[in-house]
Amino acid sequence: MQPILHISRAQFLTNLDAVRARISPSALMLVMKDDAYGHGIDWAVDAAATADVQWYGSYDVRTGIRIREALGDRAGRVFAWATSTVEEVEAAVRADIDLGVGTEEYLRLVIATAERIGVLARVHLKIDTGLHRSGIRPEAWAATAALARAAELTGAPAVVGVWSHLAEASDDEDDEAQTIFVDAVAAVRATGSTPEALHLTASAASWWRPELRGSLSRIGAFCYGIRSADGPELEGIRPISALSASVQEVHDDHVVVGIGAFDGLPSTLSGIQVGTPAGSRELRSVAQTTSEVSTWPGASIGDAVWILGPGEHGEQTATTLAEHIDTVGEEIITRLTSRVRRVISDG
Ligand SMILES: *Cc1c(COP(=O)(O)O)cnc(C)c1O
């Protein structure tokens, strides 16, 4: 049997509720990059739309279009912030996708595309608040905002948002970033534009730093129940998925289970505890398509071994595993390959 990532739609909905209760009155933008953090886009959009989520963050345009398709007739704003090609920009504008714009060059491309096809492009201008990962530098901001406003007056784009991304390395740095952000919003308003979507924070800052939240909060990890590496547990939030593989061989002191590096399991995870019918056991080694796990009394072929999940069988969460190898929980789940079957249950 192929390894399975068991995904709970109910837990996802519970997490969405918990996140929204926590950040209110800031609205949730559900971030769905990397195929909804490895869980699959289509069911997740459907669940979120059922829960009346109004904003979806896609990263790239292609994912944005998939979200739009999954939404179908249902209302929802989709935000794609990856700087994209002219073909993608055209497709995005036609699919009613809001675009994040972090350079003047890209702004000009978006304006020209909107003018050429005669469809309104909704733009969120990105200020570089210190992360230097893209974003318009503060010294160039006023000129870029003026350029956007001049184009807005011709009806091609609408400046509907201002956004940035925080380093989340220290509170002081994030506070400084917020000061730059607030100034940038004021500068855009001074041109006459009326951006309503103001968004600066992702999961951790949205949860722990209420004073930094804008009218929108872009949240991925916590909605999928992935807490921050080296961060505390989150009240009301649990992982939405659990990864199982089945026992293929039983030996005196170990069993062989059908999951390995080709499934996306990092071989550096050897030594961690996984869940078995008898509770926690050691994952001894990871080969290409199999792994060895310490045995237990009565182990038999076909038994499920739980590599990660909420902990019901003695397994650890993705983030706890990630902490063993100095990465983040998101990486453990998004690395799982297409060999791992995704199974969504309502419960
Ligand atoms: C990934 C991402 C987010 C969501 O981050 P989480 O920590 O998963 O909530 C928000 N904004 C941007 C720009 C991102 O790239």
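Residues that are within 14 Å of the ligand (Cβ to nearest atom), in a loop (DSSP other than H, G, I, E, B) and not polar (S, T, N, Q) within the range 23-52 comprise Met32, His39, listed in sequence order. Would the range 38-61 turn up any residue that is among the charged types (D, E, K, R), outside the structural domain of Arg339 (by TED's automatic domain parsing), crowded, with 17+ Cβ neighbours inside 10 Å and in contact with a helix residue (DSSP H, G or I) (Cβ under 8 Å, 6 or more places away or on another chain)? Within the range 38-61, one or more residues are among the charged types (D, E, K, R), outside the structural domain of Arg339 (by TED's automatic domain parsing), crowded, with 17+ Cβ neighbours inside 10 Å and in contact with a helix residue (DSSP H, G or I) (Cβ under 8 Å, 6 or more places away or on another chain).
Looking at the structure I just gave you, is Gly214 more than 10 Å from the ligand (Cβ to nearest atom), crowded, with 18+ Cβ neighbours inside 10 Å, in contact (Cβ under 8 Å) with a residue 60 or more places away in the chain and of a type outside the set (D, E, K, R)? So Gly214 passes the test. In the condition set (1) within 16 Å of the ligand (Cβ to nearest atom); (2) closer than 30 Å to Ala10 by Cβ, Glu235 is compliant with all but (1). Within the range 155-174, is there a residue that is in contact with a helix residue (DSSP H, G or I) (Cβ under 8 Å, 6 or more places away or on another chain) and more than 21 Å from Trp81 (Cβ to Cβ)? Checking the range 155-174: not a single residue is in contact with a helix residue (DSSP H, G or I) (Cβ under 8 Å, 6 or more places away or on another chain) and more than 21 Å from Trp81 (Cβ to Cβ). For the range 253-282: of the residues being in a strand (DSSP E or B) and touching a Ser or Thr at 6+ places or on another chain (Cβ under 6 Å), which is surrounded by the fewest Cβ atoms within 10 Å (Cβ to Cβ)? My answer is Glu282.
Taking the range 290-314 as the range and being closer than 20 Å to Tyr37 by Cα and touching a residue at least 60 places away in the same chain (Cβ under 8 Å) as the test, the residues that pass are Trp306, Ile307, Leu308, Gly309, Pro310. On the stretch given as the range 217-232, residues that are surrounded by fewer than 24 Cβ atoms within 10 Å (Cβ to Cβ) and either of a type in the set (Val, Ile, Thr) or away from the ligand (no atom under 13 Å from the Cβ) (or both) total 2.
Yes/no matrix, rows are residues, columns are (1) at pLDDT 95 or above; (2) more than 24 Å from the chain's Cα centre (by Cα); (3) in a loop (DSSP other than H, G, I, E, B):
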{"position": "Gly298", "(1), (2), (3)": "yes, yes, yes"}
{"position": "Ile301", "(1), (2), (3)": "yes, yes, yes"}
{"position": "Glu330", "(1), (2), (3)": "yes, no, no"}
{"position": "Arg339", "(1), (2), (3)": "yes, no, yes"}
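In this structure, is Glu176 away from the ligand (no atom under 16 Å from the Cβ), at pLDDT 95 or above and more than 15 Å from Leu125 (Cα to Cα)? Here the answer is yes, as Glu176 does meet what is asked. When the criteria are applied in full, Thr85 fails the requirement of being surrounded by fewer than 17 Cβ atoms within 10 Å (Cβ to Cβ), more than 13 Å from the ligand (Cβ to nearest atom) and more than 28 Å from Arg335 (Cβ to Cβ).
Please specify each residue of the range 54-102 satisfying the condition of being hydrophobic (A, V, I, L, M, F, W, C) and in a loop (DSSP other than H, G, I, E, B). Matches in the range 54-102: Ala75, Trp81, Ala82, Ala95.
For every residue, the table says whether it meets (1) of a type in the set (Val, Ile, Thr); (2) assigned to a loop (DSSP other than H, G, I, E, B); (3) closer than 30 Å to Ser206 by Cβ.
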{"position": "Leu243", "(1), (2), (3)": "no, no, yes"}
{"position": "Val293", "(1), (2), (3)": "yes, no, no"}
{"position": "Thr319", "(1), (2), (3)": "yes, no, yes"}
{"position": "Glu323", "(1), (2), (3)": "no, no, yes"}
{"position": "Val343", "(1), (2), (3)": "yes, no, yes"}
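Scanning the range 202-211 for residues that are more than 8 Å from the ligand (Cβ to nearest atom) and either under 24 Å from Arg122 (Cβ atoms) or out of contact with any Leu (no Cβ under 8 Å at 6 or more places or on another chain) (or both) yields a count of 4.
Scanning the range 321-339 for residues that are farther than 17 Å from Ser244 by Cβ and among the small types (Gly, Ala, Ser) returns Ala322, Gly329. The number of residues in the range 124-181 being in a loop (DSSP other than H, G, I, E, B) and of a type in the set (A, V, I, L, M, F, W, C) comes to 5. Only residues that are within 16 Å of the ligand (Cβ to nearest atom) and surrounded by 19 or more Cβ atoms within 10 Å (Cβ to Cβ) were counted in the range 149-167, giving 6.
The values are calculated or read from the model by the stated rules, or taken from the named source; none is laboratory data. All figures in this text were calculated on a predicted structure; none of them were measured in a lab. Heads up, the Cβs are rebuilt from the backbone with ideal geometry, glycines too, and the neighbour counts pull from every protein chain shown.
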